[in-house]
1. When only C-alpha pairs under 8 Å and at least 6 residues apart count, what is the relative contact order of the chain, in percent?
2. Along the Cα→Cβ direction, 7 angstrom out, place labels at LEU56 and LEU170. What is the inter-label distance in nm?
3. If R0 is 25 Å, what FRET efficiency do you get for VAL130 and ALA67 from their C-beta distance, rounded to 0.05?
4. Show TRP110, TRP96, TRP121 ordered by accessible area, largest first, where the area counts protein heavy atoms only and the probe is 1.4 Å.
5. Rounded to a whole number, what % of the accessible area of the chain do carbon and sulfur atoms account for, probe 1.4 Å?
6. Got a sec? What order do VAL68, VAL129 fall in by accessible area at 1.4 Å, biggest, i.e. largest, first?
7. Counting Lys and Arg as +1 and Asp and Glu as -1, each charge on the Cβ, what is the dipole of the chain about the Cα centre in debye, to the nearest 20?
8. Can you sort GLU34, GLU187, GLU65, GLU48 by solvent-accessible area, 1.4 Å probe, largest first?
Amino acid sequence: MTRESRRDRTPGRDRTPGREQAPGRATRPAYSSERRTWYGHGTLARAEKPPVRRYLHDVTTVFAELAVLGLPAITLTFLSPDPRIYGVSSAMLVAWLTMTAVAAGIRGGWVRPLGTDVRGWLSLTPWLVVFRFVYYNLVFSAIAFGSPALGEGVGFPPISLVVAIGSSTLAALAFPRLGEWVYGRLESD
């Protein structure tokens, strides 16, 4: 394998013609109908998938990422003794599922993130994993505890779910641009 072909395969450095580039971004899933598939016994391959199966593949990928890296906030919220229907646990679940759906759309290229013309989610580099961990836990905690408090403050508790949907959608749409900025700052130092 040549040096150039190895460089082409590193995350965030996809060199396919016609594809926009940005530091720290994994653009391949957004511009391709292929996804990595595991056939068992250590066999990985790329398979062509129709749009619905691509979206489901992206949903599982993003859901796992959010679940693993956001686990401290998710655990804290679900252990909360708040018994209300429109409480902390409900807001967390709604935020988690909404963020998963929007992020899967961004990863697959169907939804364009805020502040950038480049489609796709962030690549998995060590700095961006740290950034994800901090970002997901802050966002999940703020939405889970802030949405019900806002609903109680307004005097209409169901508004907490609307706030959770809106906040998590905005958080998912802003995440690729923020990650791109963080990656650019860390890599330039």
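1. 26
2. Inter-label distance under the simple model: 3.4 nm.
3. It comes out at approximately 0.90.
4. TRP110, TRP96, TRP121
5. Here it works out to 66 percent.
6. Per-residue accessible area, sorted high to low, gives VAL68, VAL129.
7. Computed about the Cα centre, the dipole is about 760 debye.
8. Most to least solvent-accessible, the answer reads GLU48, GLU187, GLU34, GLU65.
The values are calculated or read from the model by the stated rules, or taken from the named source; none is laboratory data. For clarity, every value in this text was computed on a predicted model and none was experimentally measured. Here the Cβ is made from the backbone with ideal geometry for all residues, glycine too, and neighbour counts use every protein chain on show. Areas reflect the complete protein model, heavy atoms only, side chains present, ligands, DNA and RNA absent. Shrake-Rupley method; radii C 1.70, N 1.55, O 1.52, S 1.80 Å.
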